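Q: Okay, handing you the structure first.
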Amino acid sequence: MLRSFEERERAEELLFVIGEERRFLNRRAGAQALADFAIRKLGCDGQTSRAYADVLIDAMIHGASNEALLERVRADLAANLADFSCDELRAVMLGGSDPALRSGPVVTPRSPARSSLRL
């Protein structure tokens, strides 16, 4: 009985660790997407994007909230005459796309097949 309890406890701890890692990676991916978006809007190169993403990710690791990151990017863009709202930037950060391109669903090679045909 004790062994079963210890196994469940270890499994719960492992699930917690996996969940925390997933949340961190999702936030990191959001910061990267936000940096890529900002750098594209400013017309800079890929190396600059990586450096900017590193700055955002470092701020995130040191406790900056998503709202703080969004405000920072919004201020950086506004300083360079590219005005976006925090809501537009939040959509980019949370997996959306460029607000100017949101005319319909984006289909990529990895998108699931959307077909009414049954095999």
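Q: Among the numbered criteria (1) of a type outside the set (Gly, Ala, Ser); (2) in a helix (DSSP H, G or I); (3) open to solvent by less than 50 Å² (accessible area, probe 1.4 Å), which one does residue 84 miss?
A: (2)
Q: Would it be correct to say that residue 48 is assigned to a helix (DSSP H, G or I) and either at pLDDT below 90 or surrounded by 15 or more Cβ atoms within 10 Å (Cβ to Cβ) (or both)?
A: yes
Q: Follow-up question, since we're still on this one. Give me the pairs, please: first residue somewhere in the range 19-34 and more than 8 Å from residue 93 (Cα to Cα), second residue anywhere and among the β-branched types (Val, Ile, Thr), beta-carbon distance under 6 Å, and either six or more positions apart or on two chains.
A: Matching pairs, first to second residue: 28/57.
Here is a yes/no grid of residues against (1) modelled with pLDDT under 90; (2) under 14 Å from the mean Cα position of the chain (by Cα); (3) in a loop (DSSP other than H, G, I, E, B):
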{"position": "4", "(1), (2), (3)": "yes, no, no"}
{"position": "8", "(1), (2), (3)": "no, no, no"}
{"position": "14", "(1), (2), (3)": "no, no, no"}
{"position": "23", "(1), (2), (3)": "no, yes, no"}
{"position": "29", "(1), (2), (3)": "no, yes, no"}
{"position": "40", "(1), (2), (3)": "yes, no, no"}
{"position": "44", "(1), (2), (3)": "yes, no, yes"}
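The values are calculated or read from the model by the stated rules, or taken from the named source; none is laboratory data. Worth saying up front: this structure is predicted, and the values here are computed from it rather than measured. Every residue, glycine among them, receives a Cβ derived from its backbone with ideal geometry; neighbour counts consider all protein chains shown. Side chains are part of the model used for accessible areas, which takes the heavy atoms of the whole protein and leaves out ligands, DNA and RNA. Shrake-Rupley method; radii C 1.70, N 1.55, O 1.52, S 1.80 Å.
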